[in-house]
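Peer 1: Have a look at this one.
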Amino acid sequence: MKKWRKFAAVALTVVTAMSVFAGCGDAKTSSGTTAEAKITDSELTTDVKAIKDRGVLKVGVKNAVIGFGYQDALTGEYSGMEIELAKKIAEYIGVDVEFTAVTAATRTELLDSGDIDCVLATFTITDERKKSWDFTTPYFTDHVSVLVENSSNMKSLADMKGKTVGVSSGSTSARSLVQAMIDNKVITGEGFSKETFDAATWTDGVSFKQYDDYPTISTALSAGEVQAFCVDKSILAIYNTGSRSYISEEFAPQEYGIATKKGSTFSELTEKLVKEWLSDGTINGLITENKLN
Ligand code: GLU
């Protein structure tokens, strides 16, 4: 177990307490950016100019995903590669950055309402989501897995048959698990369609309970309300305490992109910056610094 993962397990209680705070939806944390703006006049398009005039870039981030978006309970400081990426974008524009803790269930409404300018929150790019929001080229790829209590003796996708699984509402997790169980011939998956899949009504070989946040799923797993907890491995890490393990399979690559309002001219800038920082090694550097490889 990597050192930070051990720390993650110890931090579980703190995160649970923090999530109550984050759940209020107004947990905003600002951070000044000191460097000179690098933005050119031609990049100061309508939506970017609005951010510049406001003097602050408002970003939706996770607060309990170590290495991506994590908020220290004592200092309130955020850390992780998504935090650093957001700061770099703000720095490029020459504005401060303000973080709002989001969940899979809240991130899109906050973007739609204009409470935040962009989402950097382990947000997987999918074809359906691309119809509603703009996404950059992916800056990281994770996989989905399943966390279980050791006492359950569940070790693989085959053991998931007939079980109830905790997932977050607004996530891709349930659909990914069903697809993986079909691909691994654990279930036949008759009637499965990627487009119309609904975790709330799926009962063929596995069923789901949906929760608003991850600490609640973790508690439900301990209480036996669900027999498994399914989401991206990066998110599961903090809930992998000593008495729990992952099943052997990882599946469904999850490509994380920065999401912005559909058609916003800010989308063009985020795409330009991600592409540039992928090709010059900046993003790779953030991945390494945050121990994500
Ligand atoms: N990354 C997955 C998704 O976007 C899991 C949910 C989450 O990011 O919290 O659906």
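The values are calculated or read from the model by the stated rules, or taken from the named source; none is laboratory data. Treat the numbers as computed from the prediction; the structure is a model and nothing was measured. Please note: Cβ atoms are built from the backbone with ideal geometry, for glycine as well, and neighbour counts cover all protein chains shown. The area values use the complete protein model at the heavy-atom level, side chains included, leaving out ligands, DNA and RNA. Shrake-Rupley method; radii C 1.70, N 1.55, O 1.52, S 1.80 Å.
Peer 1: If I take R0 = 30 Å and measure r between the Cβ atoms of ARG54 and LYS262 in this structure, what FRET efficiency does the formula 1/(1 + (r/R0)^6) give, to the nearest 0.05?
Peer 2: Once the sixth-power term is evaluated, E becomes 0.90.
Peer 1: OK, next. Students sometimes get this wrong: rank LYS62, LYS52 by accessible area, probe 1.4 Å, all chains present, largest first.
Peer 2: The most accessible residue leads, giving LYS52, LYS62.
Peer 1: Counting each DSSP H run of 4 or more residues in the chain as -39500 (n - 2.57), what helix-only mean residue ellipticity at 222 nm follows after dividing by all residues, to the nearest 500 deg cm²/dmol?
Peer 2: -10000 deg cm²/dmol
Peer 1: Also, I was wondering about something else. What size of dipole, in debye to the nearest 20, comes out for the chain about its Cα centre when the only charges are +1 on Lys and Arg C-beta atoms and -1 on Asp and Glu C-beta atoms?
Peer 2: So the magnitude is around 700 debye.
Peer 1: Can you give the accessible area of ASP127, probe radius 1.4 Å, in Å² rounded to 10?
Peer 2: Accessible area of ASP127: about 110 Å².
Peer 1: A follow-up question, please. So the label point goes 7 Å from the Cα of HIS143 along Cα→C-beta, right? Which residues of the stretch 165-201 then have their backbone N under 20 Å from it?
Peer 2: 172-187
Peer 1: Hey, which of these cross-link pairs are over 26 Å Cα-Cα: LYS49/LYS130; LYS58/LYS262; LYS209/LYS291; LYS131/LYS155; LYS38/LYS261?
Peer 2: From the list (LYS49/LYS130; LYS58/LYS262; LYS209/LYS291; LYS131/LYS155; LYS38/LYS261), the Cα-Cα distance tops 26 Å for LYS209/LYS291; LYS131/LYS155.
Peer 1: Please give the FRET efficiency for THR219 paired with LYS28, using the beta carbon to beta carbon distance and R0 = 25 Å, rounded to the nearest 0.05.
Peer 2: 0.45
Peer 1: Antiparallel as a % of all DSSP beta bridges within the chain, to the nearest 5?
Peer 2: DSSP beta bridges in the chain are roughly 60 percent antiparallel.
Peer 1: Probe of 1.4 angstrom, ligands and nucleic acids ignored: what's the accessible area per residue over the stretch 116-159, in square angstrom?
Peer 2: 37
Peer 1: Please figure out what share of the DSSP beta bridges in the stretch 150-293 is antiparallel and state it in percent, rounded to the nearest 5.
Peer 2: 0
Peer 1: Here is a follow-up. Counting only C-alpha contacts under 8 Å and six or more residues apart, can you give the relative contact order of the stretch 183-281 as a whole percent?
Peer 2: It comes to 10 percent, rounded to a whole number.
Peer 1: Still on this structure, please answer the following. Please determine, in degrees from 0 to 90 and to the nearest 10, the orientation of helix 214-223 with respect to the longest principal axis defined by the Cα atoms of the chain, where the helix direction is its Cα long axis.
Peer 2: The angle comes out near 20 degrees.
Peer 1: If you stretched the chain out fully between ASN150 and GLU250, how much longer would it get, using 0.36 nm times the residue separation minus the C-alpha to C-alpha distance?
Peer 2: Stretched fully, the ASN150-GLU250 segment lengthens by 34.2 nm.
Peer 1: Determine the dipole magnitude for the stretch 61-217: charges of +1 sit on the beta-carbon of Lys and Arg, -1 on that of Asp and Glu, nothing else is charged, the reference point is the Cα centre, and the result goes in debye to the nearest 20.
Peer 2: Here the stretch 61-217 has a charge dipole of around 680 debye.
Peer 1: Using alpha carbon centroids, what distance separates the stretch 182-246 and the stretch 144-178, in Å?
Peer 2: With the stretch 182-246 and the stretch 144-178 each reduced to a Cα centre, they are spaced 4 Å.
Peer 1: Write out the GluC sites (Glu not before Pro) in the stretch 206-293 meeting two conditions: DSSP loop, and at most 15 other Cβ atoms within 10 Å of their Cβ.
Peer 2: Qualifying residues, ordered by number: GLU225, GLU250.
Peer 1: I've got another one for you. Return the aspartates and glutamates within reach of LYS52: Cα separation strictly under 18 angstrom, same-chain partners fewer than 8 residues apart disregarded; answer none if there are no such residues.
Peer 2: Correct list for LYS52: GLU36, ASP41, GLU43, GLU91, ASP96, GLU98, ASP115, ASP117, GLU268, GLU271.
Peer 1: Starting from the residue with the highest accessible area, list PHE68, PHE192 in decreasing order, probe 1.4 Å.
Peer 2: Ranked from most to least accessible, the order is PHE192, PHE68.
Peer 1: Follow-up. Got a sec? What order do LYS161, LYS261 fall in by accessible area at 1.4 Å, biggest, i.e. largest, first?
Peer 2: Highest to lowest solvent-accessible surface, that is LYS161, LYS261.
Peer 1: How high is the relative contact order of the chain, given as a whole-number percent (alpha carbon pairs under 8 Å, six or more residues apart)?
Peer 2: Worked out over the chain, it gives 26 percent.
Peer 1: Something else now. Summarise the accessible area of the chain (1.4 Å probe, protein heavy atoms) by the percent that is carbon and sulfur.
Peer 2: 50
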